[in-house]
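Notes to accompany the following structure.
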Amino acid sequence: HNCRQTIFHPMVLNKKHFSKNILEVKVELSLLEKEKEVDLMSPNGKASPFSECRPNGSLGHCSDDDTVTLRSQRKHRDFIEASVCHVRDLENGQMREVDLGTGRALLIKEHGEFLAMGHKCPHYGAPLVKGVLSKGRVRCPWHGACFNITTGDIEDFPGLDSLPTFQVRVEKEKVIIRANKQALQTQRRTKVMSKCSAVINSCNGFSHVLIIGSGPAGLVCAETLRQEGFTDRIVMCTMDKHPPYDRPKLSKSLESTAEQLQMRAAEFFQMHDIEVLLEKEVVSVDVKSKTVLFRDGFKMEFRKLLIATGSRPKPLSYKGKDVGNVFHLRTPEDANSIAALASNKNAVIVGTSFIGMEVAAALTDKAHSVSVIGIEAVPFRKALGEKVGKVLMKLFELNRVKFYMLNEVWEMRGQNGQLKEVVLKSGKVLRADVCVIGIGSGPATAFLKQSGIHMDSKGFIPVNKTMQTNMDGVFAGGDVVTFPLALRSNKKVNIPHWQMAHVHGRVAALSMMGKATDIKAVPYFWTAMFGKSIRYAGYGDGFDDVVIQGDLDELKFVAFYTKSEEVVSVASMNYDPIVSRVAEVFGSGKTIRKRDVETGDMSWLIEKGSQ
């Protein structure tokens, strides 16, 4: 069909009052019209192959069979239409959140064309209208996920799902959106995935793809393989007793259960033929025979292997290792125990890592007292600089957190096997009923020592830009790797961020299928405390100066981290969406100079944006 014009049938309109500036008409198709109407438009207002249809409902070149097929494809009672604005209400490059009556959508105008899609980021529900529209995609203002405005597909992470898109047309200078009601409610879309065509026997010790680790790198790798048409066996094994869950939430929401944190329901893995082996520890890998050995003696052969085992907490040296109620936060059970033991009791946090500080913040409204022990003078100094660290330290102190800085633990003292006191090297004795150790982490790669897979002196696995190790068919991703970062002229770096692990999983999967792609993502990180969030983008390791704009004391600021007169990373608090906007600039390959941010004029970062 060569029809260039998209036509909709006459509708039965509910009578509404119209304002002068914007027409808000809610349209429900009558039952009669539902029977007659044929879906004429593909997503986002482009004419579909079936659009050569006449207004009276008779089809131009479509057969009766085509009509029946189309009717079966669309249950029209599941759709709603609404006229949401005047054609001149939006300029190019602008976004608006619009109400269709049964839900909301994000309306975008780009290059003279209107597009519509889900308005909430599927990751944590951020309002995308407050995000950044750039180069055909919207970047989330909270955690940096990116969505293609034409397809709704997720193009940068975190998160697993894409957005639904809705049909748009202009009629008598009014912009009309036609949307599926269910999609308006869910605000998310899982990409279509292939099924496994291989005969699966769970006792069979062979998998075409074996994934060690169930974090975001492993999960996104498995999902991407299925999305890209991979139909052979996929096995994901993990030492965890739970299927993949949202680990960053553990330190922020200590009472959450594994079920509340799960990234995918159990049925999802069954539906898409992704086998998950729980409480299965790999003790060795033989690359020559392409075999892994599990602690229980079970062996499994593979064709392709992804190593995504994440981090292990760094151990703390102290007297009294047999004392109970001392935790490294690793699992939902750890988090739940910490919350229960701290209730109206005394909690001690050792270490000023992001995880340790998030736990301290989460315990302030539960515990009788919260004490933090750190070896530096100021928390967050290495990552965020002294100025930002000091103002955050003050925020914690205002929330009853007591700091013991430039200090270390000497002994844990117990009574009946349970913690009662933490003794510092300074001699200070702190009352303690529960202690959380968060002094950093290292790569969980000890099991690879005899494998032939190359590791550096710290245990990280160097990979190339396709996530491949030095061994053919063996890939690695997430916290365990050093990888070439485009932002730093392909310098090999380790970035243990949740978002970056997602990216690695996708790149590894595409590489396994011979669809190699580069790692283009800009590192994006966040932390949350006392209802406030810090966003961070870029790679600031080794920064030599910090330029602050805004008001640190009011906790409304942007911090630009510079190295040799160039901005290498940015952090903000209460200044959305500036970090997402800077991430877009970084991603475009442009250099931001120190002098650009010293003036205080940030108009170069602010565009027309949203309404």
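The values are calculated or read from the model by the stated rules, or taken from the named source; none is laboratory data. Everything numeric in this text was worked out from a predicted model, so none of it was measured. No Cβ is skipped: glycine too gets one built from the backbone with ideal geometry, and neighbour counts run over all protein chains shown. Protein only, heavy atoms only, side chains kept; ligands, DNA and RNA dropped before computing areas. Shrake-Rupley method; radii C 1.70, N 1.55, O 1.52, S 1.80 Å.
Note on Ser533/Lys299: beta-carbon distance plugged into 1/(1 + (r/R0)^6) with R0 of 51 Å gives a FRET efficiency of 0.65. Rounded to the nearest 10 square angstrom, Arg77 shows an accessible area of 130 square angstrom against a 1.4 Å probe. Relative contact order of the stretch 547-594: 30 percent, from C-alpha pairs under 8 Å at least 6 residues apart in sequence. One chain, two ends: Asp99 and Lys191. Fully extended at 0.36 nm per residue, the span grows by 30.6 nm beyond their Cα-Cα distance. Cross-link partners of Lys465 among lysines, defined as those whose alpha carbon lies under 16 angstrom from its own and excluding same-chain residues fewer than eight positions apart: Lys491, Lys492, Lys515, Lys520.
How large, in percent, is the carbon and sulfur part of the accessible surface of the stretch 473-530 at a probe radius of 1.4 Å? Show your work: numbers first, answer last.
Values: 870 of 1740 Å².
Of the solvent-accessible surface of the stretch 473-530, carbon and sulfur hold 50 percent.
Out of all DSSP beta bridges in the chain, what portion is antiparallel? Express it as a percent rounded to 5.
Numbers: 90 of 128 bridges.
Of the beta bridges lying entirely in the chain, close to 70 percent run antiparallel.
Taking every DSSP beta bridge that has both residues in the stretch 419-571, what percent is antiparallel when rounded to the nearest 5? Walk me through the numbers before you get to the answer.
Working: 28 of 30 bridges.
So the antiparallel bridges amount to about 95 percent of the total.
Please compare each pair in Lys130/Lys181; Lys109/Lys181; Lys241/Lys304; Lys382/Lys428; Lys314/Lys449 to a cut-off of 20 Å on the Cα-Cα distance and tell me which ones are over it. Check vs 20 Å cut-off fails for Lys130/Lys181; Lys109/Lys181; Lys241/Lys304; Lys382/Lys428. Each residue of the stretch 569-586 was assigned a 3J(HN,Hα) from its phi angle through the Karplus curve 6.51 cos²θ - 1.76 cosθ + 1.60 (θ = phi - 60°); the sequence is 7, 8, 10, 8, 9, 6, 9, 5, x, 4, 5, 5, 5, 5, 4, 5, 5, 4 Hz, with glycine and proline shown as x. Counted residue by residue at 0.36 nm each, then reduced by the alpha carbon distance between them, the extension gain from Asp544 to Ser426 reaches 39.3 nm. Amide H contacts under 5 Å for Gly144: none, restricted to partners 5 or more places along the chain or on a different chain, H placed in the peptide plane at 1.01 Å from N. Per residue, the solvent-accessible area of the stretch 76-182 (1.4 Å probe, heavy atoms of protein chains only, all protein chains present) comes to 33 Å².
Among the listed values (i) 29.1; (ii) 33.1; (iii) 31.8, the one computed from these coordinates for mean projected area of the Cα convex hull in nm² is (iii). Under 5 Å from the amide H of Phe403 lie the amide H atoms of Val372, each residue being 5 or more positions distant or on a separate chain, with H modelled from the backbone and absent for Pro and chain starts. Computed from Cα positions, the angle between helix 498-512 and the longest principal axis of the chain comes to roughly 70 degrees.
Since only Leu219, Ser194, Pro244 are under comparison, the one whose Cα sits farthest along the positive direction of the charge dipole of the stretch 165-306, derived from C-beta charges on Lys, Arg, Asp and Glu, is Ser194. Using Cβ point charges alone (K and R +1, D and E -1), the dipole size of the chain about the Cα centre works out to roughly 440 debye. Placing +1 on the Cβ of every Lys and Arg and -1 on the Cβ of every Asp and Glu, with no other charges, gives the stretch 261-385 a dipole of roughly 520 debye about its Cα centre. In the chain, a dipole from Cβ-located charges (positive for Lys and Arg, negative for Asp and Glu) runs towards its positive end, and of Gly514, Thr469, Leu363 it is Leu363 whose Cα lies farthest in that direction.
Can you tell me the FRET efficiency between Leu398 and Ser317 if r is taken as the Cβ-Cβ distance and R0 is 45 Å, rounded to the nearest 0.05?
On the way: r = 33 Å, r/R0 = 0.72.
With a Förster radius of 45 Å, E is 0.85.
Over the stretch 452-611, accessible surface divided per residue gives 41 Å², non-protein components excluded, 1.4 Å probe.
In Å², what does the accessible area per residue of the stretch 292-431 work out to with a 1.4 Å probe?
On the way: 6830 Å² over 140 residues.
Spelled out: the 1.4 Å probe surface of the stretch 292-431, per residue, equals 49 Å².
For the stretch 506-611, the share of DSSP beta bridges that are antiparallel, to the nearest 5, is 100%. Shown for the stretch 333-422: the carbon plus sulfur share of the solvent-accessible area, taken with all protein chains present and a 1.4 angstrom probe, equals 49%.
Hand me the trypsin sites (Lys or Arg not before Pro) from the stretch 157-190 located in a DSSP loop with no more than 10 other Cβ atoms within 10 Å, in residue order please. Intermediate results must be reported in sequence, preceding the final value.
On the way: sites: Arg169, Lys172, Lys174, Arg178, Lys181, Arg188, Arg189; in loops: Lys172, Arg188.
Counting only loop positions with at most 10 other Cβ atoms within 10 Å, the trypsin sites (Lys or Arg not before Pro) in the stretch 157-190 are Lys172.
The HN-Hα couplings worked out from phi for the stretch 296-313 by the Karplus form 6.51 cos²θ - 1.76 cosθ + 1.60 (θ = phi - 60°) are 7, x, 5, 10, 9, 8, 9, 9, 10, 10, 10, 9, 9, 8, x, 10, 10, x Hz, whole numbers, x standing for Gly and Pro. Between the amide H of Gln418 and those of Gly324, distances stay under 5 Å, these residues lying 5 or more places away or on another chain, with hydrogens modeled in the peptide plane.
Rolling a 1.4 Å probe across all protein chains gives Ser603 an accessible area of roughly 70 Å². Treating the angle as unsigned and between 0 and 90°, give the value, to the nearest 10°, between the Cα long axis of helix 332-342 and the longest Cα principal axis of the chain. Tilt of helix 332-342: around 60 degrees.
What does the highest-first list of 92-105, 406-419 look like by mean Cβ count within 10 Å?
Working: 92-105: 18.6, 406-419: 15.5.
So the peptides 92-105, 406-419, ranked by packing, come out 92-105, 406-419.
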